[in-house]
Structure formats: C-alpha cells, structure tokens
Amino acid sequence: MRFLVFLLVLAAIPAFAQPFPSKPVKIVVPTSPGGATDALSRSIGARLSEIWGQPVVVENRPGATQIIGGEYVAKSPPDGHTLLVSDAATFIMNPILFKKLPYDGMRAFTPITVLVRFPWVIAVHPAVPANTFQDLVAYARAKPGAISYGSFGIGSSGHISVDYLKNLLGIDIVHVPYKGAGPAVTDLLGGQIQMMMVTPLLVEPHARAGKLRLVAAATRERIARLPDLPTVSESGVPGYEAGTWFALAGPAGMPREVTQTIYAEVKKVLAEPAFKERYIDKQWFEVVANTPDEFSEYLQTEFGRWEKLIKLSGVKVE
C-alpha cells in the first residue's frame, strides 16, 4: 500500500513541477472587438506568446455589462491559464450595482496588476451645434432629450461618469448602452447617437478628419497631446474628472508563484521601449504596472470612490 502511495506521489510531481505556462493561455475581454480593452489585450497577448512559447489567445465575451466575461473567468480553473483584462466595471461597479451576481464580487478574482490608465474626452457628432463644452450644455438645456450618448454598457464607468455630470448640470440627455466602445463609436460616426465620453484613441483621428468634434477633456488637467482642448473642470464644472484603467486578473485562488510570474512578465512587456512606443504612447495610455498587493489595495480605495460616484449619479440597474 505504501509503495502504491509512493508511486502516486511520484506520478503527480511532474504535473506540479511544470513551469508556467504549460499550455495555451486565454485572455478574456468582456467587451466587443474593436475597443481599447481589446486592442491592448491583443498587443500584450501577442508579446507574451513570444516570450512564453505558448499561444496566448484573446477571446471576446461581451454582454450584460461585462458580467458574462467576468463570470467565465471567475469560474475557470485558478491555474493562470485563463485571465481577464477589464476596466473597473467588472471588478468594482458590478459588485456595487447588482444585488445578485453570478460571481462573488471582487472576491472572485486574483488581482495581478493595473496595466494602464488613460484619459477621456467628450466627442460629439458634427450635426450637434456645439464647438465648446459650454455650447453643448446650452444646447442640451434648450432641447431636453435631443442628445443621446453612448456608453460601453449599463452601469459602466462611462455611463456613471456621464450621468453624474448630467445630474451636476441638470441636463436631460439619453443614455444608449452598447457592448463595447467600438460599436458605440461606430454609431457616433453615423449620427445614431450624438455624444460620447471615450478614450481619444478611438475618436481623435476622426476629429482630425472632421468626422467628429472634441469639446472637452474629462481629465484633471489638459491632455499633453491635446493642449488646446479645455477640460470639463475649467469649462464650468470645477473639480470634475473622469477616466478609467485596465487591469489584469485571474480567478480567485491562483497560486502566488503563478501570479507573480505573470505579473513580472507583463511588467517587462509594458516597459519594453518598442512595445511602449507602439502600443502604449500611441494609444494614449499611461503605464501603471503596480504589484498584485498594490492592486488589491487600490481596488479597495476605488470601491469607496465609485460607490460615492454611483450614488451621486443616480444610476440604478436593478
């Protein structure tokens, strides 16, 4: 009997001794293809695949305000081979907004790192008679309900940030949720919606081409690459600031050594000069790359901040 147990132990050793990753890695993006989350995930995944010698596949699982993708990862084996790249919606807003989630809120994930943060701008369709943020507000007040704005889902950071602004200003604009920023920008270009708060990555080239108009930055200070674009704060809403971040996580219960291995490799990728120039700087991102422990602490801080903003925004989903 003891000999049999010994053989079983020996047979199990190679499985545990295998270096990570021992098979293809899947990065789940809980939004539609074409958005900033998708673009960043694919660039990081391609580089990790080269480093690890294993395929790293990005799989889009949009829908239900990122709950579908979040649930999939939360219920995956915690071996590091299924990961999630998402913004604050999956990690923070859904646990605040939804009384019942198919996963256990923030406790459903193993924090790895905040990858990047990035600014937002307010873009409008050229048919809107507004060259400035003040013009936009005046038009919205004169024609309640005439402006519709797109977000990347009910209860998303874009939804909450705009509805918070809407309540501060006392204006009536209509929310139209999408399954990601990409489809929303497509409809903004087509005039199906008139306004969006979104990363410059997706709208600044269209603004240069005259297909959209940028009326304000939603950042604390003016964006360095858009020095002539005033902020919302200096345009009549002092102190207003909005933006988001993308983070990498896995299912709860991942071994610490696997978590640290993934973090170390991702941090190296984000710091590579060629990668940074092509996929970070040109995409309007700012690298964060904090440690798993720092990310865990940051989640707690962000939870309190967004809980307050959600209450002030008046956004309800259930």
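The values are calculated or read from the model by the stated rules, or taken from the named source; none is laboratory data. Being a predicted model, the structure only gives us computed values, none of them experimental. Cβ atoms come from the backbone with ideal geometry, glycine included; neighbour counts cover every protein chain shown. Keep in mind that these areas ignore ligands, DNA and RNA; they rest on the heavy atoms of the full protein, side chains included. Shrake-Rupley method; radii C 1.70, N 1.55, O 1.52, S 1.80 Å.
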Output for segment 56-79, where each listed residue is surrounded by fewer than 22 Cβ atoms within 10 Å (Cβ to Cβ) and more than 18 Å from the chain's Cα centre (by Cα): Val57, Lys75, Ser76, Pro77, Pro78, Asp79
Across (1) assigned to a helix (DSSP H, G or I); (2) within 30 Å of Ala138 (Cα to Cα); (3) open to solvent by less than 80 Å² (accessible area, probe 1.4 Å), Lys311 clears everything bar (3)
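Look through Ala242, Ala252, Ala247 and report the one residue that is closer than 16 Å to Phe109 by Cα and within 15 Å of the chain's Cα centre (by Cα).
Numbers: Ala242 fails: closer than 16 Å to Phe109 by Cα; Ala252 fails: within 15 Å of the chain's Cα centre (by Cα).
When all the criteria are applied, what remains is Ala247.
Of the residues Phe133, Phe152, only one is over 24 Å from Gly45 (Cβ atoms), in contact (Cβ under 8 Å) with a residue 24 or more places away in the chain and not aliphatic (A, V, I, L, M); which?
On the way: Phe152 fails: over 24 Å from Gly45 (Cβ atoms).
Phe133 is the lone residue from the list that is over 24 Å from Gly45 (Cβ atoms), in contact (Cβ under 8 Å) with a residue 24 or more places away in the chain and not aliphatic (A, V, I, L, M).
Any residue in segment 241-264 that is outside any helix (DSSP H, G or I), charged (D, E, K, R) and open to solvent by 60 Å² or more (accessible area, probe 1.4 Å)?
Yes, segment 241-264 contains at least one residue that is outside any helix (DSSP H, G or I), charged (D, E, K, R) and open to solvent by 60 Å² or more (accessible area, probe 1.4 Å).
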(1) more than 30 Å from Ala271 (Cβ to Cβ); (2) free of Cβ contacts under 8 Å to residues at least 60 places away in the same chain; (3) surrounded by fewer than 22 Cβ atoms within 10 Å (Cβ to Cβ) all hold for Ala46 apart from (1)
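Can we say Ile171 is surrounded by fewer than 20 Cβ atoms within 10 Å (Cβ to Cβ), farther than 24 Å from Val114 by Cα, in contact with a helix residue (DSSP H, G or I) (Cβ under 6 Å, 6 or more places away or on another chain) and touching a residue at least 12 places away in the same chain (Cβ under 8 Å)? Give the derivation first.
Details: surrounded by fewer than 20 Cβ atoms within 10 Å (Cβ to Cβ): yes; farther than 24 Å from Val114 by Cα: yes; in contact with a helix residue (DSSP H, G or I) (Cβ under 6 Å, 6 or more places away or on another chain): yes; touching a residue at least 12 places away in the same chain (Cβ under 8 Å): yes.
Yes.
The rows are residues; the columns are (1) out of contact with any strand residue (DSSP E or B) (no Cβ under 7 Å at 6 or more places or on another chain); (2) in a helix (DSSP H, G or I); (3) modelled with pLDDT under 95.
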residue: Glu59; (1), (2), (3): no, no, no
residue: Ile68; (1), (2), (3): yes, yes, no
residue: Pro78; (1), (2), (3): no, no, no
residue: Asn94; (1), (2), (3): yes, yes, yes
residue: Met106; (1), (2), (3): yes, yes, yes
residue: Pro111; (1), (2), (3): no, no, no
Identify all residues within segment 119-133 that are buried (at least 20 other Cβ atoms within 10 Å of the Cβ) and not aliphatic (A, V, I, L, M); write none if there are none. Pro119, Trp120, His125, Phe133
